[in-house]
1. Of the accessible area of the stretch B:161-309, with the probe set at 1.4 angstrom, what percent is carbon plus sulfur?
2. Report the calculated FRET efficiency for A:D362 and A:K150 (r = Cβ-Cβ distance, R0 = 35 Å), to the nearest 0.05.
3. Could you compute the longest span of chain A free of trypsin sites (Lys or Arg not before Pro) located in DSSP loops and having at most 16 other Cβ atoms within 10 Å, not counting the site residues?
4. Under 5 Å between amide hydrogens, which residues at least 5 positions from B:R409 or on another chain qualify, with H placed 1.01 Å from N in the peptide plane?
5. How large is the charge dipole for the protein assembly as shown, taken about the Cα centre, if only the Cβ atoms of Lys, Arg (+1) and Asp, Glu (-1) carry charge, to the nearest 20 debye?
6. Quick one: which residues, 5+ away or cross-chain, put their amide H under 5 Å from the amide H of A:S135? H built at 1.01 Å from N.
7. How big a patch of accessible area, both sides summed and in Å² to the nearest 100, lies buried between A and B at a 1.4 Å probe?
8. Return one number: the angle in degrees, 0 to 90 and rounded to the nearest 10, between the long axis of the Cα atoms of helix B:491-507 and the longest principal axis of the Cα atoms of chain B.
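The values are calculated or read from the model by the stated rules, or taken from the named source; none is laboratory data. This structure is a prediction, so every number in the text was calculated from the model and none was measured. Positions of Cβ are backbone-derived with ideal geometry, glycine not excepted, and every protein chain shown enters the neighbour counts. Just so you know, the surface numbers come from the protein's heavy atoms only, side chains and all, with ligands and any DNA or RNA stripped out. Shrake-Rupley method; radii C 1.70, N 1.55, O 1.52, S 1.80 Å.
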Protein chains: 2
Amino acid sequence: MVTNCNVLSVHTMTFHHTNLLIAEGRIAAWDRAVEKGKEVIDARGSYAVPGLIDAHTHVEAAMLTVEALARLLVPRGVTTLMADLHEIGNVLGGAGVEVLAEGANRVPLRLFLQIPAALDPEEATRLLRRPDAVSFGEASLPRIVRDPDKFTRMFAEAHAQGRLVSGHAAGLGAGPWLSALAALGHADDHECVDIEQAKSRLLVGQRVMIREGSAARNLQSLVPLVREHPEWADLFMFCTDDRTVGDILERGHMDDCLRSAIRYGLMPATALRMATLNCAVHHRLDTHVGSLAPGRLADVLLLDDLEAFLPEMVIVGGEVVARSGEPDWEAPPEVSFPEAYLNTVHLGRSLEEGGLRLPLPDGEVSVRILRMVPHQILKYIDEETVTVRDGRIHEGQDRDILKILVIERHKGTKQIGIGLVRGFGLRRGALASTVAHDDHNLVVIGVTDADILLAVKSIEEMQGGLVVVDQGEVTARVALPLAGLISLKGGPDLAGELQAAERAARDLGCLLPAPFMALSFVPLVGIPKAGLSEFGLVDAVTYEKLPLRIGRSTDIFTAADP
Amino acid sequence: MVTNCNVLSVHTMTFHHTNLLIAEGRIAAWDRAVEKGKEVIDARGSYAVPGLIDAHTHVEAAMLTVEALARLLVPRGVTTLMADLHEIGNVLGGAGVEVLAEGANRVPLRLFLQIPAALDPEEATRLLRRPDAVSFGEASLPRIVRDPDKFTRMFAEAHAQGRLVSGHAAGLGAGPWLSALAALGHADDHECVDIEQAKSRLLVGQRVMIREGSAARNLQSLVPLVREHPEWADLFMFCTDDRTVGDILERGHMDDCLRSAIRYGLMPATALRMATLNCAVHHRLDTHVGSLAPGRLADVLLLDDLEAFLPEMVIVGGEVVARSGEPDWEAPPEVSFPEAYLNTVHLGRSLEEGGLRLPLPDGEVSVRILRMVPHQILKYIDEETVTVRDGRIHEGQDRDILKILVIERHKGTKQIGIGLVRGFGLRRGALASTVAHDDHNLVVIGVTDADILLAVKSIEEMQGGLVVVDQGEVTARVALPLAGLISLKGGPDLAGELQAAERAARDLGCLLPAPFMALSFVPLVGIPKAGLSEFGLVDAVTYEKLPLRIGRSTDIFTAADP
């Protein structure tokens, strides 16, 4: 029982001074007259609000296990995640989704699953029958367009099971394509960047998840729409989509969304409804979470100041699990994962320096160079003439032209895409990573082939992670052994390692503010203008190959035959 | 395709002039620019709004098959019912629910089931797995209190299946009982009669179904609350609960709710959201019904005037099914039901005049008399001294005291409850009915035993229905052969028969405005102060027997041994 608190009804958006009775982990009643029992928490007049719910998040963005992530989120008041674990799904399939999700059983953080739509349809449909599955996760238009029948069947199956289909219509305005996605079943969208886009989603019957991630931040643009339309109070929720561990430690998570929303002019009660009840109703979980009404799970935040939003106490399922911003549960003994999930870097052979030659003849050659831009995930293509000597660009680093390789790392197919990239600005050394959307192959850039080789070998030794190499020496490494995506360390330790790696990259002359995030987006073919896959440069719209050498039919370095 | 219409988005509550594209029975898109195709309906600028949804209704109140009911409702714009078929469930069990619901497959009216909570739990749980089941239907507090473990198990099962539990908290204000019902799972309530009750439901996390039935009318009391709180736009819906066929023909159904809500000051768009989207979201059907957004079933009403609310055209699943208030489909050939469902009056023996004697000694006796009051379903108890002669009340009709019998009619147990009733005011004759809540036994009142016997025999011959007898002659009869509850005739024919029966009852001197409805409530034990069951008079609160003769331990006329 929590006595003497100012309870928020997220249904009516009103506050009520009362006592919260809790029984068997659920709210039993609000009762002003109740006698003090044995297990009493005196809230001393503070606010009691429901635990926050993130409407859509990729846990892998934090590079932490769920157990480690929970220690950061729960003390900040985040008690439930709607998690689309599609990164680990891309690497390890449905089994990977399940092994990561399993962590939620060991910590007081509730995880509901938006089942990755890119999984094999049979596997995805099996996972959708899990009791903690709420929807098929985001499937973007280009992906659907490539196999509309498959997705039509999958989405019909979701509806038949009373599950939702989550949307993802980045960049789309009102029009036939948006209608088509709604008609297919997309029930929400977290990709709206302005009010016009948000309105267009509401009109096709979708709810809007206002995203405030580490990279994409849409809250400031969209909050005015909610403020001006109190009668649409049920149509919006918040999500983080992707938040890095450093960002969580520095700014926060859904608590940061709450603070920002209030700062941008929302009433705290409205913002809290969006961060709790609306998300629960949308995902058809409102008999369980998202409210402090009787019958709901007793996930309660006690706090003195709604604008500061620093929970004094966090209660999950009726148990106190955090106090004053610190978790109040024992960290479990080091999590152990099956060996197969910790050994996911299979290159199929040792690379050698000779194998890294650009497939270009010596002399003056016109080439395509992928150009990265700070603070954007869009990539551009420069067409330029370079001097090639012995399979390398002559004085490439002086013109900010680096060699880049995407190496298939899951099945040892020896497939390598090789290309040129601009924007990183390295003067020496190499960077490599196994976090590389969507397939998470090994991506590596570098000034010299020797450093590129050393970076690849270091990644192979760690079986996944991030590496910085400077003239024959590894100057930073972040081990991400689970699927090559996730650290087994705690949040603060990992954040320290990541900071050190970024510092080491800057020491090489790197110009981008988040070099490893930029590196991870290079292989993302679907984001314009192009991406580098293990098969070479691919146009984002047509999905056609773009040869490295302009005018040549192919630039693919296929090393299957040594 | 419907061109040139002013489409209502029930999400944003805004109107948009556009064309509605329909494909495979669903809305495909809104498209202002579309070329005219072949199958075009020109809406000539009229409004297009979603088909109306009744959030909670007992179909049996209309005494019509679903096929016959659909012919009245669909042309009025009602395209979907959330139906709690508990009357037929009480008589025929789950099979009865299914046989009545089956009718929806033959007409363009969508029926979703609130599975009667009074069914055997195993049967109820089986029905809950039907794809058209949305919840367990209303279970009132007295019923739950009698077997809380059973209902706790059933409701947990509903939640496990992603289904709801519908509420029913007649008369309850804020307090521990209401909290207890919410904690058990009650997700809504249709019994609120005033603003305080409605607010108390919202605060325990329930949605409010504003009821406008034939007897109970709560719309005028509750609409001001919605009007004053636009930010609660998602928390209310409308329902009819019980509407008689006469009332539907005279006033309408959900169309009447719409007209009234607008008359009481709601914006039409708000009222329409409540009558469509809110109900769909609540029952987790919003990917299918309740909106004209892409992907939803194309259930469209075209109409020129939202306040008059007379649909010019009704489209269900993309097909035109009614025009100008008339159904536009062939009435199916007479519906045939299995013989067992048409033979449900089993008295177990022939009654004889001698068997109807009051179990009272001759002379002055103090007795309990159940008193009916016009326009109320509450029943009172008068305690009075009467003169008994030869097992009958001397000059009873002069003091408005009539004999009343409730005869078990399902299994031929020969169980008969006998008592006295006041308020009907008959000077001659008898009335009998097999519509008698909740068990639907045979209930009969009369001035003479001979007329009572004739009424019972007529009911037996018809195998269910309503009868009026006047001095040895049957002056009106309404056959309700399906379960003794439902006519096989069309709406207008049945309404005519019912009017004739009421007229015949008035000819006997009857004082009550709806004598057969009053008769049907006599056996309803759960409504204070008391009810007459086949076991005698029973207190509504304690469920203890109240002897007919004051001071005697029993008044039960058990006729098991002839």
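1. Roughly 53 percent, rounded to a whole number.
2. 0.15
3. That would be A:130-250.
4. Correct list: B:L442.
5. The calculated dipole for the protein assembly as shown is roughly 520 debye.
6. Those qualifying (amide H under 5 Å, at least 5 residues apart or on another chain) are A:I115, A:L164.
7. By this definition, chains A and B bury close to 2900 Å².
8. Value to nearest ten degrees: 30.
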